[in-house]
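Everything below concerns the one structure shown next.
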Amino acid sequence: MDGYQLTFFTQQERRHGHQQLCQWLLTLAKSMQIRGATLISAQEGLGSHHRLHSAHFFDLADQPVEVTMVVSAEECDALMERLRSEPDLHLFYAKSHVEFGTIGDPASN
């Protein structure tokens, strides 16, 4: 299949409403029946204002996180429309065209 890889970049402490932004994105993906999403925590990252964000031993609040999804064109359009309609949401993303699929029988795992 052809589709898109969407990667959203944020920090651990960022919130949307009463939820961590990264968890809110995962919940949204699930509610929209996106086939999967992955949350990745990073050690360090450089933000848009050239500020270094990092995970410290005693404080993980500034830890960079990524939420990545591989979606069809229709899912991408629906997800982006939903995100754009969300009040007070500020979120950096990258969108890349990808080919995706599954190899093998999932029942054999």
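Below, the figures for the structure above:
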{"read-out": "Neighbour net charge for GLY3 - beta-carbon separation under 12 angstrom, K R +1, D E -1", "value": "-3"}
{"read-out": "Calculated FRET value between MET32 and HIS97, using beta carbons and R₀ = 25 Å, to 0.05", "value": "0.80"}
{"read-out": "Sequence of ILE34, ILE40 from largest to smallest accessible area, 1.4 Å probe", "value": "ILE40, ILE34"}
{"read-out": "ARG82, ARG35, ARG14, ranked by accessible area, largest first (probe 1.4 Å)", "value": "ARG35, ARG82, ARG14"}
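The values are calculated or read from the model by the stated rules, or taken from the named source; none is laboratory data. None of the values given here were measured: they were computed from a predicted structure. Methodologically, a virtual Cβ is constructed for each residue, glycine included, from the backbone with ideal geometry; neighbour enumeration extends over all protein chains shown. When the accessible area is computed, the model is the full protein with side chains, heavy atoms only, and any ligands, DNA or RNA have been set aside. Shrake-Rupley method; radii C 1.70, N 1.55, O 1.52, S 1.80 Å.
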